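The values are calculated or read from the model by the stated rules, or taken from the named source; none is laboratory data. Quantities reported herein were computed from a predicted structural model and do not represent experimental measurements. Here Cβ is always computed from backbone atoms with ideal geometry, including for glycine, and neighbour counts include all displayed protein chains.
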Amino acid sequence: MTTTVQIRDMTFDKVEIGPVDVRVFQGADYEKAPPVLIYFHSGAFLDEDRMDSDVATVLAQTGAIVVIPDFNAPLGGVFPKPLEVGFSIFSYLAKKRAGLGDRKSLLLVAGAESGGNLAAAIALKARDYRADELDGQILLSPLLDPFMGSNSIRKAATVGMRERWSDGWSHYLSGGVCHPYAAPCTCSRLAGIAPALVVSSQDDPLRDETLSYAQKLRDSGVDVQEHIFPADASWPSIYGASCPMAANWESGLGDQFARFVRSLAIQ
């Protein structure tokens, strides 16, 4: 039976960078302390106001509280501004859950495509500045490589994403900085960051950079769970790519997330 998800809009008034609008997705509780997950939407670093999300609904149906921030609105969409907003929200929820969950709730970050880039960057920055306060990261086909040099990225044109990603990277890095927080795949120091659930699909243009980053995390001693959907799951539809078949990744993603959360609770 599908769990009903309630959706409400809020404003976090006491975030360090100023008020941030968020949309909260909440299903059935995870006992008394549901995990709280900050989810960063896709959009190739270009789209704003994408606070409706099938992914957020699926994750909330497992019992999580999912918070989608309007992370481009306060400061703009050029690095490092979205990261500053995202990290401020993470820091705010790390100190006090804003009525979401309780102090025993796991605190997670997640994101798809360009939002996955932001989630990975926040995990790095959390390791550097707020050690032990981030419990896990969920990276859904994260957009990590500004050089777009992987073998699988050759499929980007066929699903309508090559030009969009090229434009998106040019926009995001137009401030003239390519810090490891902007392109986490370039980071040479990954030890000590939060455990990761990494998800992609066989036909995803972002598959290779996703799997490469997962391996770098493992090589650095980070606990990684990995799931690759088959080509008929229409997984790239999570970030707006053209897919020939109806999406059927929802139950699989929910199962992978629930398994990941259980593993974190045991740790």
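Residues in the range 4-20 that are within 24 Å of THR62 (Cα to Cα), in contact with a Phe, Trp or Tyr (Cβ under 9 Å, 6 or more places away or on another chain) and among the charged types (D, E, K, R): ARG8 alone.
Flag: PHE71 does not match the condition of being hydrophobic (A, V, I, L, M, F, W, C), within 18 Å of SER91 (Cβ to Cβ) and at pLDDT 95 or above.
Given the structure, is LEU206 closer than 20 Å to LYS155 by Cβ and at pLDDT 95 or above? Let's see the steps before the verdict.
Numbers: closer than 20 Å to LYS155 by Cβ: yes; at pLDDT 95 or above: yes.
Taking the combined requirement at face value, the residue satisfies it.
Across the range 224-236, what is the total count of residues that are of a type outside the set (A, V, I, L, M), part of a helix (DSSP H, G or I) and modelled with pLDDT of 95 or more? Walk me through it before giving the result.
Here is the first cut: in the range 224-236, the residues of a type outside the set (A, V, I, L, M) are 225-227, 229-230, 232, 234-236.
Right, trim to part of a helix (DSSP H, G or I) and you get 232, 235-236.
Of the ones still in play, those that are also modelled with pLDDT of 95 or more are 235-236.
Going through the range 224-236 one residue at a time, the tally reaches 2.
Name, by its number, the condition in (1) within 27 Å of PRO35 (Cα to Cα); (2) among the hydrophobic types (A, V, I, L, M, F, W, C); (3) in a helix (DSSP H, G or I); (4) in contact with a helix residue (DSSP H, G or I) (Cβ under 6 Å, 6 or more places away or on another chain) that does not hold for LEU197. Single failed check for LEU197: (3). Scan the range 132-144 and tell me whether some residue there is modelled with pLDDT under 95 and not in a helix (DSSP H, G or I). The answer is yes, given that some residue of the range 132-144 is modelled with pLDDT under 95 and not in a helix (DSSP H, G or I). For the range 90-106, the set of residues classified as in a loop (DSSP other than H, G, I, E, B), surrounded by fewer than 18 Cβ atoms within 10 Å (Cβ to Cβ) and at pLDDT 85 or above consists of ASP102, LYS104, listed by residue number.
For the range 36-69, a residue qualifies if it is of a type in the set (Phe, Trp, Tyr) and assigned to a loop (DSSP other than H, G, I, E, B), and exactly one does: PHE45. Among the residues of the range 237-247, those that are touching a residue at least 40 places away in the same chain (Cβ under 8 Å) and either out of contact with any helix residue (DSSP H, G or I) (no Cβ under 7 Å at 6 or more places or on another chain) or in a helix (DSSP H, G or I) (or both) comprise ILE238, TYR239, GLY240. In the range 160-203, the qualifying residues are those that are touching a Cys at 6+ places or on another chain (Cβ under 9 Å) and at pLDDT 95 or above, and the one that is farthest from ASP219 (Cα to Cα) is ASP203.
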